[in-house]
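Here is the structure we will look at.
What follows draws every value from the coordinates through simple rules; no lab data is involved. Fair warning: this is a prediction, and the values are worked out from it, not measured in the lab. Quick reminder, even Gly has a Cβ in these numbers, built from the backbone with ideal geometry, and neighbours come from all protein chains shown.
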Ligand code: GLU
């Protein structure tokens, strides 16, 4: 049996991190077993589904490189098929028309609640002959006794008594099939072998199993993935900041870092933190996913992103960071080589956005000095070293790291002071106090004109 998994989002919003993790687990499971990964768009809720959400989901999956082998299949294109199955259930006597009024159902619910019973449909129309011409819903005849055992790959065996499950509506009055029916038909028709989804669907599973059995279809394996909590222990929501996957792109995260972070949410392999996609495919297993919810930890995501930022191809990082520099009004073509800047700065940043922000001074004069740095380094005794450095730098024949380095050494020797007495004010003069690499490299990248101009500015600042 070849493995077939699916991701079945409802297009009622963007792809959020919870959905992305479910998609990742399903994708990994298919890849690990040489199977196929199917994308199904569950858009039967016509009021809440939008094309914009479909696009946002596809965009998120593309960014994360979660490529699907089949689909996207849209449930709204399959109504005929769902009706065919509903018809078959009717013929087999496993579904029936129900015309109970809203008032009757409300009253029933109230009575049950008053008796502290779980509200459920009482099967009133089970044996009635209701004409197809009058308004009605269609209900599935759930077995009345026995139990359904969900043999979940993450949670183990979870039993549900059929007495707890009532006769579910599978087609509404307006003729639209309902979620549990469409999922059952699709999982069967798409030959899904493993249903990996959020555990908010666990209560639907026994109902779906009963319908699969009623149709004489195979029951897939299920794996219900526990939810993700925010840092504060509450269910992850917009309150916790960026929950749309695309927001992480905006914020300067690398897709492989987000995937790595997501795979570790609820799954581990010893104490290994970093996994290439190939390693994930090889090592991940759905039965090893934790039963309890996992908490989202932004600091850890930042740390993982930093590790990928440090080791990724600098050319690629330069390409990605140029967009963030653009957001800050910088055209990196008008300044030092961005690849060299990336190599010089990337250890100091956790995100591409931060990398852009801390690299601004290479491309334009900073507005203000960092107050602390200026208070420490830009004081009266710094004037002479700064003036000497200016002279030296202006006269360097060759603007190279080597020559700049020698120039600094010479001024240090001439003034007979420690390196810091020259280096500290010089660094703050040219960077404004932003994090920066070796001084000769910093000056080299900033360029001679900007260095001389900024040294003049620092002297004026001290003397003001
Ligand atoms: N469409 C459902 C959702 O977005 C998922 C259904 C399933 O995976 O079975 O929550």
Separation between Cα centres of the range 28-67 and the range 192-223, rounded to whole Å: 19
Estimated D of the range 185-312 in µm² per second, where Rh is the Kirkwood radius over Cα pairs and Stokes-Einstein applies at 25 °C, 0.890 mPa s: 147
Label-to-label distance, nm, for residues given as residue 200 and residue 218 (7 Å Cα→Cβ offset): 3.0
Cβ-based exposure ranking for 268, 2, in which fewest neighbours within 10 Å come first: 2, 268
Within the range 120-238, percent of DSSP bridges classed antiparallel, to nearest 5: 60
Computed Rg/Rh of the range 1-137, alpha carbon atoms with Kirkwood Rh: 1.11
Anisotropy class of the range 6-70 from Cα gyration tensor, a/c 1.5 cut: prolate
FRET efficiency for residue 84 and residue 237, using Cβ-Cβ distance with R0 set to 45 Å, rounded to 0.05: 0.70
Cα-Cα pairs of the range 148-216 separated by more than 16 Å (percent): 50
Sorted by Cβ neighbour density within 10 Å, fewest at the top, the residues 267, 303: 303, 267
Degrees between helix 17-32 axis and first principal axis of the chain (Cα, 0 to 90, nearest 10): 80
Of every Cα-Cα pair in the range 88-137, the percent that sits beyond 13 Å: 64
Translational diffusion coefficient (Stokes-Einstein; Kirkwood radius from C-alpha pairs) of the range 249-342 at 4 °C, 1.567 mPa s, in µm²/s: 86
Global form of the range 352-460, assessed from the alpha-carbon gyration tensor, a/c cut-off 1.5: oblate
Residue 172/residue 291 FRET efficiency (R0 35 Å; Cβ-Cβ; nearest 0.05): 0.50
Long-range Cα-Cα pairs in the range 282-337 (distance over 13 Å), rounded percent: 75
Cα-based helix-to-principal-axis angle, 79-91 vs the chain, degrees rounded to 10: 30
Rg to Rh, two decimals, where the range 220-272 supplies the alpha carbon set and Rh follows Kirkwood: 1.01
Taking the C-alpha atoms of the chain, convex hull volume expressed per residue in Å³: 193
Neighbour-count ranking [beta-carbon atoms within 10 angstrom, fewest first] of 16, 201: 201, 16
For the range 90-226: rounded, prolate or oblate by the Cα gyration tensor [a/c cutoff 1.5]: oblate
Rounded to 10°, Cα long-axis angle of helix 205-214 versus longest principal axis of the chain: 40
Whole-angstrom gap from the range 282-353 to the range 100-123, using each part's C-alpha centre: 55
Protection-proxy order for peptides 119-126, 423-430, each taking the mean of Cβ atoms within 10 Å per residue, highest first: 423-430, 119-126
Förster radius 56 Å - calculated FRET efficiency between residue 47 and residue 398, Cβ distance, rounded to 0.05: 0.20
Percent antiparallel among DSSP beta bridges (both partners in the chain, rounded to 5): 50
